[in-house]
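Chemist: Let me give you the structure first, and then I'll get to my questions.
Each reported figure results from applying straightforward, stated rules to the coordinates on display, with no laboratory input. As the structure is a computational prediction, the values presented were derived from the model and not from experiment. Every residue, glycine as well, gets a Cβ built from its backbone with ideal geometry; the counts of neighbours run over all protein chains shown.
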Amino acid sequence: MKFEIELTGASGKRKHAVEFNRKGNVCGVAIDGRAVDADAVQIAPNVVSVMLAGQSFELHISRSADGALKLRCGAHEYTAEIIDPRAWRGRKHGAVEVEGRQGILAPMPGKVVRVLVAVGDAVEAGQGLLVVEAMKMQNEIRSPKSGKVERMLVKEGQAVNAGEVLAWVE
């Protein structure tokens, strides 16, 4: 899964392309097209220990009053905007719902940690259907339309691949 991260700090704005890949139990990270050895562990609420290319960083994460993501690493402070291409596609069309039967796809490889609906349940556009954990982060997969859950093809604890059909909404 690829993201674009824009960091704003004392030295100005910088954009970085970040890509996460998973091969079995090993997760890979590429920053601006370069593979980097990386690992991250939450060590306290809103505090993450990050290892990048053998260097250790402690990030303190918070939200400002306007909702912006604030990062503090040592004496450095940044405002971060994470641009998710999946979210951008959704915003591009405004509030228009998709029509017809929709397959719900896994956006990334991971593990289903929660199923929030059952077959036959009525759902609204944007309602959470299930939660997939990838790279130690939980991602809620939402319905693209209002309708009824026709089929649920996964169960809690199941590993999924990127692009795999998880459910069908009619």
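Chemist: For n ≥ 4 DSSP H runs only, could you compute -39500 (n - 2.57) per run for the chain, divide by its residues and tell me the 222 nm figure to the nearest 500?
Modeler: -1500 deg cm²/dmol
Chemist: Using 26 Å as the Cα-Cα cut-off, could you pick out the over-long pairs in Lys15/Lys145; Lys111/Lys145; Lys15/Lys136?
Modeler: Values: Lys15/Lys145 32 Å; Lys111/Lys145 24 Å; Lys15/Lys136 23 Å.
Table pairs above 26 Å Cα-Cα are Lys15/Lys145.
Chemist: Sticking with this structure for a sec: Apply 1/(1 + (r/R0)^6) to the Cβ-Cβ distance of Leu153 and Ile5, taking R0 = 41 Å, and write down the FRET efficiency to the nearest 0.05.
Modeler: Details: r = 32 Å, r/R0 = 0.79.
E(calc), rounded to 0.05, equals 0.80.
Chemist: Under a plain spin-label model, where a point goes 7 Å from the Cα along Cα-to-Cβ, how far apart in nm are Ala68 and Arg101?
Modeler: 4.7 nm
Chemist: Can you grab the distance from the C-alpha centre of the range 16-68 to the C-alpha centre of the range 93-170, Å, no decimals?
Modeler: About 25 Å separates the Cα centre of the range 16-68 from the one of the range 93-170.
Chemist: Based on Cα positions only, what radius of gyration and what Dmax would you give for the range 2-85, in angstroms?
Modeler: 13.3, 40
Chemist: Something else about it: Evaluate 2.2 N^0.38 Å with N set to the residue count of the range 97-169, then give the Cα radius of gyration divided by it.
Modeler: For the range 97-169, the normalised Cα radius of gyration is 1.00.
Chemist: In nm, what is the difference between 0.36 nm times the number of residues separating Asp37 and Ala17 and their Cα-Cα distance?
Modeler: Extra length available between Asp37 and Ala17 comes to 5.6 nm.
Chemist: Kirkwood hydrodynamic radius of the chain from all distinct Cα pairs, in Å?
Modeler: One over the average 1/r among Cα pairs gives 17.9 Å for the chain.
Chemist: Hey, rough spin-label estimate for Leu52 and Gln138, points 7 angstrom out along Cα→Cβ, what's it come to in nanometres?
Modeler: Each label point is offset 7 Å from its Cα along the Cβ direction, giving 2.7 nm.
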